[in-house]
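These notes are about the structure you will find just below.
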């Protein structure tokens with residue numbers, strides 16, 4: 001019997017390990033909806049807002065689905081290429097750049113994009129008011145990439161921990177982030193972190209699915225609307241995001 005060349009057989013094993021680490025260790029029959037958002041939207045325990053919403057939404061179509069967390073830009077690429085089945089939640093119009101994505105037209109959630117600082121205060125009067133400051137935001141957040149055009153310098157971060165690490169280290173004056181994730185961080189890491197009002201922008205966000213699921217868009221739209229009518233959506237919202245509005249969840253302006 002011939003001997004196996006050294007290292008042969010290791011590559012499939014390494015690919016399997018990479019597959020596990022990339023977040024794709026899910027049942028073969030479960031659809032994978034990825035997100036660039038972590039807690040309180042997608043969590044390792046799968047008890048975040050997106051986690052619970054996706055399970056309920058797809059179950060109403062008789063389908064199993066789960067969420068995975070990926071870097072924001074990678075999440076879009078994977079959904080567009082068909083590696084994953086969909087992506088949430090994003091602003092309308094992404095299909096112009098990612099033609100394999102189809103938007104489910106019923107809103108998933110609204111985001112308010114705020115300025116977060118470590119004690120710095122100034123009047124927020126639109127995007128132009130950021131001009132004197134060193135700012136940072138997360139790569140792949142398209143609205144910020146398009147809108148944040150006024151600054152002394154700009155740094156792009158991989159994710160939330162890296163973003164706020166820049167702020168805590170004093171490498172930037174402020175970071176741009178959405179309200180719910182910012183409130184979650186303020187609750188977990190109390191300190192000088194605060195947010196400034198009013199929001200720079202408010203946008204409705206949507207679920208996008210790969211075009212191979214285009215035939216399910218109408219049913220997903222109807223199911224999401226029914227979840228809002230029967231109170232399921234509000235219950236999930238209150239138990240995952242609404243709790244962050246309770247007193248004692250950090251300092252800063254009022255949500």
Residue under evaluation residue 172, criteria (1) buried (at least 20 other Cβ atoms within 10 Å of the Cβ); (2) touching a strand residue (DSSP E or B) at 6+ places or on another chain (Cβ under 6 Å); (3) under 19 Å from residue 35 (Cα atoms), criterion not met: (3)
Test: residue 38 is in contact with a strand residue (DSSP E or B) (Cβ under 7 Å, 6 or more places away or on another chain) and at negative phi: yes
Residue 154 being in contact with a strand residue (DSSP E or B) (Cβ under 6 Å, 6 or more places away or on another chain), surrounded by fewer than 22 Cβ atoms within 10 Å (Cβ to Cβ) and either assigned by TED's automatic domain parsing to the domain that holds residue 39 or farther than 27 Å from residue 49 by Cα (or both): yes
Qualifying helices (runs of 4 or more DSSP H) (wholly inside segment 155-255; at least 2 residues being closer than 30 Å to residue 61 by Cα and within 18 Å of the chain's Cα centre (by Cα)): 179-188, 232-240
Test for residue 101: is it at pLDDT 90 or above, farther than 23 Å from residue 184 by Cβ and within 17 Å of the chain's Cα centre (by Cα): yes
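Table: residues versus (1) without any contact (Cβ under 8 Å) to a residue 40 or more places away in the chain; (2) surrounded by fewer than 18 Cβ atoms within 10 Å (Cβ to Cβ).
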position: 39; (1), (2): no, no
position: 46; (1), (2): yes, yes
position: 56; (1), (2): no, yes
position: 61; (1), (2): no, yes
position: 65; (1), (2): yes, no
position: 69; (1), (2): no, no
position: 77; (1), (2): yes, yes
position: 82; (1), (2): no, yes
position: 86; (1), (2): no, no
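Rundown of residues vs (1) buried (at least 16 other Cβ atoms within 10 Å of the Cβ); (2) out of contact with any strand residue (DSSP E or B) (no Cβ under 9 Å at 6 or more places or on another chain), yes/no style:
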| residue | (1), (2) |
| --- | --- |
| 100 | no, no |
| 104 | yes, no |
| 117 | yes, no |
| 122 | no, no |
| 131 | no, yes |
| 134 | yes, no |
| 146 | no, yes |
Hey, residue 88 under 14 Å from the mean Cα position of the chain (by Cα) and part of a helix (DSSP H, G or I) or not: no
Which listed residue is out of contact with any strand residue (DSSP E or B) (no Cβ under 7 Å at 6 or more places or on another chain) and either at pLDDT below 95 or under 22 Å from residue 113 (Cβ atoms) (or both), from 245, 224: 245
Residue 39 vs. criteria modelled with pLDDT under 95, assigned to a loop (DSSP other than H, G, I, E, B) and farther than 30 Å from residue 186 by Cα: no
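The values are calculated or read from the model by the stated rules, or taken from the named source; none is laboratory data. Bear in mind that the values here come from a model prediction, so they are computed numbers and not experimental data. Note that we place each Cβ from the backbone using ideal geometry, even for glycine, and neighbour counts take in every protein chain shown.
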